1. Going Cα to Cα from Lys102, which aspartates and glutamates come in below 15 Å? Please leave out same-chain ones fewer than 8 positions away.
2. Using volume of the Cα convex hull per residue in Å³ as the read-out, say which of (i) 146; (ii) 176; (iii) 158 was calculated from these coordinates.
3. About the Cα centre of region 237-361, what is the dipole size in debye to 20, counting +1 per Lys and Arg Cβ and -1 per Asp and Glu Cβ, all else neutral?
4. Lys/Arg Cβ at +1, Asp/Glu Cβ at -1, dipole of the chain taken about the Cα centre: which of Ser12, Phe99, Phe32 is farthest positive-ward?
5. Grab the DSSP H runs of the chain that are 4 residues or longer, score each as -39,500 (n - 2.57), total them, divide by all residues and round the 222 nm result to the nearest 500 deg cm²/dmol.
6. Full extension from Asp117 to Ala259: what is 0.36 nm times the residue separation minus their Cα-Cα distance, to one decimal in nm?
7. Using alpha carbons only, how many angstrom separate the centre of region 166-225 from the centre of region 1-79?
8. Starting with the fewest neighbours, write out Glu160, Glu66 ranked by other beta-carbon atoms found within 10 Å of each beta-carbon.
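Computed from the coordinates by the stated procedures, all read-outs in this text should not be read as laboratory data. This is a predicted model, so every value here is computed, not measured. Counting neighbours? That spans all protein chains shown, and the Cβs are built from the backbone with ideal geometry, glycine included.
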Amino acid sequence: MSNIKVLDLNKSYGSSKLVLDNINIDIESGEFFTLLGPSGCGKTTLLKVISGFLPHNSGEVFFGAERVDKLPPHRRGIGMVFQDYAIFPHLTVRQNIAFGLKVRKMAAAESARRVADAIRLVRLDGLEDRMPSSLSGGQQQRVGIARALSIQPRLLLMDEPLSNLDAKLRVEMRDDIRKIQRDQGLTTIYVTHDQEEALAISDRICVLSAGKVQQIDRPDKIYRHPANMFVASFLGSMNFLAVRVESGRLAVDTDKGPAELNMRVDTGLADGSYTLGFRPEAVDVRGNDDADSLRLDAGLRDITYLGREAILALAAHGAHISANLRDRDIGHAYKEGDMLPLHIRREQLKLFAPDGVLAYDGL
């Protein structure tokens, strides 16, 4: 297996549209690495450059010690799984999986062995002679995965492979993909715009926006310690509140002027404007006032009941605040218009500078 390095990579269309802006990525051998971001952020373009299906303007791509960005796709040793399955409708399951081996002129016996191994890996036993039209969407995607695995690639690339499946099947397939990848120890780059999918399946996540890397880290690290406001808001939900730091204390602007909050900032931050951030699940409506919790009095606007939790939509100091209540808290008789005391533990609070970059993590 190969580690993957992308160094100072740039890609533009024409003279003005920069799609990839100085991308630097180091992927470990056997790692499940996810490119996550909104539509148009450059993640599929980056995947195509790594695979060789799209030329780049500058930069280098290495598979292990070998520079590959000057090689054609068929010489890079990659397996590719596409969003739309991309299997041949006129070939059986077995023939589809064997296609890449046939192109490589592999001996019949070795090809048959690899196809059989791939079929067993993706649990398509008994469907070898079926045509694609008789398969479900999940089964067709398994054929695409088996075809990519049968060539024993140095690198597996997956471009939104679950986006055409229904919600239940997506969860089942993502678990299968993760198990196969771990069992094979195969270096994998996975593209998705689905935050939950990325959190569930990845060893590390690279968050992209406007062609730039925003943050690379483990899923739990990115969720708990986002590098900037974009990452904080894109990966999960984040409440934001405009605040000021004044002589070591937090304050908010009101109609009557600045109002101090019950939280001191002993961080050495310069006085000025910041954005306070905290996750909806960090909000406690039953907490006590203490030095380690920020208190916000908020008006209840709406309640959305979701069974094991309820989402409260609130308003505080001109900001919309969301709070996720666990099942044990839902029984309280909250109603629209109630004023609720919200408590957020100090370690759950973030301060972002005016440019959106994280200025302090856990006041």
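1. Once the sequence-local aspartates and glutamates are set aside, what remains near Lys102 is Glu110.
2. Of the listed options (i) 146; (ii) 176; (iii) 158, (ii) comes from this structure.
3. 180 debye
4. Phe99
5. Result for the chain: -7000 deg cm²/dmol, rounded to the nearest 500.
6. 44.4 nm
7. The distance from the Cα centre of region 166-225 to that of region 1-79 comes to 17 Å.
8. Glu66, Glu160
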